[in-house]
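Student: Have a look at this one before I ask anything.
The values are calculated or read from the model by the stated rules, or taken from the named source; none is laboratory data. These numbers come from a predicted model, not from an experiment. Heads up, the Cβs are rebuilt from the backbone with ideal geometry, glycines too, and the neighbour counts pull from every protein chain shown.
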Amino acid sequence: MSRRLLEALFSAVGECVATGEAVRILCAQDASRLGWVKPLAVVRPRSADDVAATVRVLCDFGVPLYTRGGASGLSGGALVTRPGVVLDMAQMKGVLRISRRDRTVTALAGTLIGEIQKAAAALNLLYPPDPASAAFCSLGGNIAENAGGLRALKYGTTAHHLLAATVVTGSADILHLGSQTHKNVAGLNLLSLLCGSEGTLGVVTEATMRLLPAPPAVGCVSAVFETEEAAIEAAFGVLESGLLPRALEFVDGVCAKAAARVSDAAKNWACGKPFLIVEFDGTESAVRDECGQAEALLRPGALRVAAAYGKETERLWSARRVLSTALTSAAPRKVSEDICVPPSKLPQICRLIRSLSAPPHITACAYGHLGDGNLHVNFLLHSTDNAPVERLLDAVLALRGTITGEHGVGAAKLPFLKRQISPETLTLMRRIKSVFDPAGILNPQKAY
């Protein structure tokens, strides 16, 4: 069958097809570092028509299609899990239109988020979603996962800024969903259904995103604490005062120690202690006023507090930005979870995370978006024991949280999904998928 399949692909989208061993191995994997299967071929489409032609061929053969964006996902959403074809969107990149007056940007799905942010900034506009992987993650991938990031506390997730998209379904239909307007309530909101569906309902080929006027000033305050509980309580104080930061980041003591091993800035500032970063944007006077208020609120319980403005904020952010590298190199195996709990449950979940550590074989640590209860919990493992991960996810669900706040279910969390979502609801999800993807070829064994 593979020979006939390849002949059909070459006939439909010849120049887009790659079958070399190296490219197939590369495109089978993503940042999750989970197990994968080598695909039969890789298709690099140039248009929605190429995507539709590829889908038609695969429907005829009943072969899975795995869409690949920047491959920065941590839940295995882009992994090839059984022999199929990878749709590599890297060639479909570029900003098509951007309007200062309309405050919108239209870009192809393979465009990197960092490039969209730069294009917006050049017109004194802001693309608010700000995932940590902005330099190498794609617009299509962000829509597939409904990506959040550092500024989600104030500006929301990708779904809050998605206005329109061109989507190819599993039936090879090309749909134009949404509109170029900032408001639109005509018909069912299929666009919201697709955002966060992890490539199981359709392939996004281009999208129009909402932009905002760029704030003229940015400032942040960082505070170091003796304990995680003290840091969390101080963060509550900031939010309960009526202040709304655009970011409120938390780093626990274990993560701070890991950062200190690879960064002198982290070592000199946090000294291995838990810390917060609280960032504001707006007018110059408003930012200085809000930073001043935050500094006053944080200082009583903190070991030390510092504020920075404009480009100087990077000095305080540097201790946070090195975490991914620092933790990846800290153990032979790293499992990353992105739980989300009601903010009031954060002290409880942080105590549990500490209890899951069993040095030297298991070290559990957390950092992330404290303002919306979304923590990136990392298990640094010298074994294959997954029991601590199961204990964490069970505890999160007992606290009425979710097993994933922004990374998606993918392949990694699929075994745990039935603990959060009822059989009846999962059945409904699969019935919806069958409407968009009757042959079941789009990213099978993922999400639900």
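Student: Name the one entry in E295, E226 that is more than 24 Å from the chain's Cα centre (by Cα), assigned to a helix (DSSP H, G or I) and at pLDDT 95 or above.
Tutor: Exactly one residue qualifies, and that residue is E295.
Student: Taking the condition of a type outside the set (A, V, I, L, M, F, W, C), in contact with a Cys (Cβ under 9 Å, 6 or more places away or on another chain) and surrounded by 24 or more Cβ atoms within 10 Å (Cβ to Cβ), does G219 pass?
Tutor: It is true that G219 is of a type outside the set (A, V, I, L, M, F, W, C), in contact with a Cys (Cβ under 9 Å, 6 or more places away or on another chain) and surrounded by 24 or more Cβ atoms within 10 Å (Cβ to Cβ).
Student: Having 3 or more residues that are more than 26 Å from T200 (Cβ to Cβ) is the bar; report the helices (runs of 4 or more DSSP H) wholly within the stretch 112-163 that clear it.
Tutor: Here the list reads 113-121, 152-155.
Student: When you check D60 against the structure, is it out of contact with any strand residue (DSSP E or B) (no Cβ under 7 Å at 6 or more places or on another chain) and at pLDDT 95 or above, yes or no?
Tutor: Taking the combined requirement at face value, the residue satisfies it.
Student: Here is a list of conditions, (1) in contact with a Ser or Thr (Cβ under 9 Å, 6 or more places away or on another chain); (2) assigned to a loop (DSSP other than H, G, I, E, B), and R400 meets all of them except one; can you say which number that is?
Tutor: Unmet for R400, out of (1) in contact with a Ser or Thr (Cβ under 9 Å, 6 or more places away or on another chain); (2) assigned to a loop (DSSP other than H, G, I, E, B): (1).
Student: Now a separate question. In the set A53, A41, A18, A22, which member is modelled with pLDDT of 95 or more, more than 17 Å from M92 (Cα to Cα), touching a helix residue (DSSP H, G or I) at 6+ places or on another chain (Cβ under 9 Å) and among the hydrophobic types (A, V, I, L, M, F, W, C)?
Tutor: One residue alone meets the criteria, A41.
Student: Same structure again: Take V389 and decide whether it is assigned by TED's automatic domain parsing to the domain that holds R351 and either out of contact with any Cys (no Cβ under 9 Å at 6 or more places or on another chain) or free of Cβ contacts under 8 Å to residues at least 60 places away in the same chain (or both).
Tutor: Judged against the criteria, V389 is a match.
Student: Being closer than 27 Å to D49 by Cβ, surrounded by fewer than 23 Cβ atoms within 10 Å (Cβ to Cβ) and of a type outside the set (S, T, N, Q) is the requirement here; does G156 meet it?
Tutor: Considered against the rule, which asks whether it is closer than 27 Å to D49 by Cβ, surrounded by fewer than 23 Cβ atoms within 10 Å (Cβ to Cβ) and of a type outside the set (S, T, N, Q), G156 comes out as no.
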